[in-house]
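Every number in this text was worked out from the coordinates using simple rules, so none of it is lab data. Every value quoted in this text rests on a predicted model; they were computed, and no experiment measured them. Backbone-built Cβ (ideal geometry, glycine too); neighbour counts: all protein chains shown.
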Amino acid sequence: MPEVSMTVNGKPAKGQIEGRTLLVDFLRDTLGLTGTHVGCDTSQCGACVVHVDGRAVKACTMFAAEAEGAEIRTIEGMAEPDGTLHPIQAAFREHHGLQCGFCTPGMVMSAAALLAENPTPTEAEVRDYLEGNICRCTGYHNIVKAILAASGQDVSRIAAE
Amino acid sequence: MYAFEIDRPNTLADAVKALGAEEAQALGGGQTLIPALKQRLASPARLVALSGVAEIKGICTGDDGALCIGGGTTHADVAAGAGAYPALAALAANIGDPAVRNRGTIGGSLANNDPSACYPAAVLGSGATVVTTNRQIAADDFFEGMFTTTLEDGEIITEVRFPVPEAASYQKFEQPASRFALVGVFVARFADGVRVAVTGASEEGVFRWSEAEAALSKDFAPAALEGLSLSGDGMISDLHGSGDYRAHLVAVMTRRAVAAAG
């Protein structure tokens, strides 16, 4: 079996893979990083979104072998080592941006990718960017509100509908 | 998924060599092929991932003014970097969702030739040239029907050369679940005439609507399309829309594209 090595959340990681091993399975099963979720396994839902060399990618639709040498960031790499939440995570908590929480890792990673390329998005831009992230609790209003808050914008006038 | 070996060459030469192996298949961004593999709709013995081949990525302008896009360039990079051809950049920016656009590539999309994909409409509508490891193929000769192209085994799309039109627009009526085009129409006006390419509608894949092209070449205005219509025969008919509905949408989206191109 071939070996793959990459950097995951700033630390070197390697393991044995098959050709067909998906990145999400390598993260979850080999590295034990189960924060990245598999919702649909058909690249629709976005629960498996991680960053590959700084870009949001659906980890269920990329082979682990293709991540050789890449910098991967997962939801486990967002909070500070002492447990202090990343500002996006803190905003999700503050604004009730999650209900069951299953989609949240992907939502947070997509939001982080958005804010990295567009630090102060409009509400429409946030909704557009989340096109590939599905929340079955229909919590979109508060998710959008949380992301706008994390971008430093005043969300006091955005009603929680 | 059935088991397979995977290669990840760093040069085009190594990729061509790897594709010479028995039952080897090229892997672009994988946004179509990986779901197909999961459903066991494909069972290659070996995949040759092109994502490590830097020489087929990137965008530049050719000596003749054409916009040249490497076959391994992602939709996101085309959206951000094809500013010289705004209709093409806009098309790329509306494929799938952001995470899909960060992996999917123009070469992969064209080689797959999904009958509802966006890029084939841009390539055919622009009269672009598909450059491969073996030859240059005019858009009019490249597409050969649903999921079929003139590409031969082991041939890799290295570049697509788009002549930049005076005005152009792509209008997509999305199938709301998949975000693929239920019908998408690409209209491009060049000094020597207008091209109209339609995706999502025909059972034969992307096609040119020649009657609309003739009318628009005389008068580039939505009104020039009045009275023109297509038959629903041979159009895709499924739970999302009948053939007649798709034929009707082609005319609607063509008018919208002409209006948007201005």
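Taking amide H positions as modeled 1.01 Å from N, with prolines and chain starts lacking one, the residues under 5 Å from B:THR149 and 5 or more places away or on another chain are B:GLU144. Between B:ASP14, B:ASP141, B:ASP64, the Gaussian network model of chain B with springs among Cα atoms under 10 angstrom shows the greatest mean-square fluctuation at B:ASP64.
Exposure proxy check: B:VAL16, B:VAL183 ranked by fewest other beta carbons within 10 Å? Mind dumping the intermediate values first?
On the way: B:VAL16 17, B:VAL183 29.
So the residues, fewest neighbours to most, are B:VAL16, B:VAL183.
Between A:GLY97, A:GLY54, A:GLY19, the residue with the greatest mean-square fluctuation in the GNM of chain A (Cα pairs under 10 Å linked by springs) is A:GLY19.
Treating each Cα of the stretch B:176-224 as one equal point scatterer and applying the Debye formula with no solvent, the log10 of I(q)/I(0) at q = 0.25, 0.26, 0.31 Å⁻¹ comes out as -0.90, -0.93, -1.12.
B:HIS240 to B:ALA221: extension gain in nm, 0.36 nm per residue of separation minus the Cα-Cα distance? Don't skip to the end; give the middle numbers.
On the way: separation 19, 0.36 × 19 = 6.84 nm, distance 2.97 nm.
Full extension of this stretch gives 3.9 nm more.
Could you check how many percent of all C-alpha pairs in the stretch B:38-117 are farther apart than 14 Å? Of all Cα-Cα distances in the stretch B:38-117, 67 percent exceed 14 Å. Only helices enter the 222 nm calculation for chain B: every DSSP H run of n ≥ 4 contributes -39,500 (n - 2.57), and dividing by all residues gives -8000 deg cm²/dmol, rounded to 500.
The H on the amide N of B:PHE180, modeled in the peptide plane, is under 5 Å from the matching H of B:GLN175, each at least 5 residues off or on a different chain.
Each Cα pair under 8 Å and six or more residues apart adds its separation to the average, and for chain B the resulting relative contact order is 15 percent. Taking every alpha-carbon pair within the stretch A:1-155, the share separated by more than 21 Å comes to 42 percent. Over all distinct Cα-Cα pairs of the stretch A:3-77, the Kirkwood formula returns a hydrodynamic radius of 11.8 Å. When the alpha-carbon atoms of the stretch A:79-161 are used, the pair Rg, Dmax equals 11.7, 35 angstrom.
Shape analysis of the protein assembly as shown yields a ratio of the Cα radius of gyration to the Kirkwood radius, Rg/Rh, of 0.98. Along the Cα→Cβ direction, 7 angstrom out, place labels at B:LEU41 and B:VAL252. What is the inter-label distance in nm? Placing both labels 7 Å along Cα→Cβ, they lie 2.6 nm apart.
When chain B is treated as a GNM with alpha-carbon contacts under 10 Å, the residue of B:VAL123, B:VAL48, B:VAL187 showing the greatest mean-square fluctuation is B:VAL48. Size of the stretch B:167-261: Rg and Dmax of its alpha carbons, in Å, are 12.6, 40. In chain A, taking the dipole from charged Cβ atoms about the Cα centre, the farthest positive-side position among A:PRO119, A:PRO87, A:GLY10 is held by A:PRO87.
For the stretch B:60-102, taking Cα atoms only, Rg and Dmax work out to 10.5, 34 Å respectively. Its Cα gyration tensor gives chain B an equivalent ellipsoid, and the semi-axes of that ellipsoid, as √(5λ) in whole Å with the largest first, are 31, 21, 15. Label positions at B:ALA138 and A:ASP53, each projected 7 Å from the Cα along the C-beta direction, are separated by 3.7 nm.
Quick one, can you get me the convex hull of the C-alpha atoms of the stretch B:102-177 expressed as volume per residue in Å³?
115 Å³
Taking all Cα-Cα distances within the stretch B:58-161, those exceeding 17 Å account for 46%.
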